[in-house]
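The values are calculated or read from the model by the stated rules, or taken from the named source; none is laboratory data. Everything numeric in this text was worked out from a predicted model, so none of it was measured. Here the Cβ is made from the backbone with ideal geometry for all residues, glycine too, and neighbour counts use every protein chain on show.
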Amino acid sequence: MHTGVMVFDENRQDWRIWIGQDAFETSTGMNFEIYIHHRFYKAIFEEDYYNWFVTIEDDVDFSLRLVETYKVRILEKELIPVIDLPF
């Protein structure tokens, strides 16, 4: 399990997970843990017409604020490296 942060990338208009110096994509249905009030909660990343939110422990929907940085833990199999293509 890797620990990093999830932040909104204003240039790409999408969320990214940063682990050290490496950036990773987010995708609908991605499983991870999010740190809220001194505790990690199991969460699923979701999107609905540019409204990004997580479902915490299959029960509560939590809208992500674009100005916040969220501490996350994620399994390596869930990570998708960001590929900057020249086009």
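A few points about this structure:
- Identity of the residue in segment 1-12, surrounded by fewer than 16 Cβ atoms within 10 Å (Cβ to Cβ) and within 13 Å of the chain's Cα centre (by Cα), that ends up modelled with the lowest pLDDT: 9
- Of all residues in segment 19-47, those that are part of a loop (DSSP other than H, G, I, E, B) and exposed (fewer than 12 other Cβ atoms within 10 Å of the Cβ) have Cβ atoms under 6 Å from Cβ atoms of residues that are modelled with pLDDT under 95 and among the charged types (D, E, K, R), 6 or more apart or on another chain, in 28/46; 28/47.
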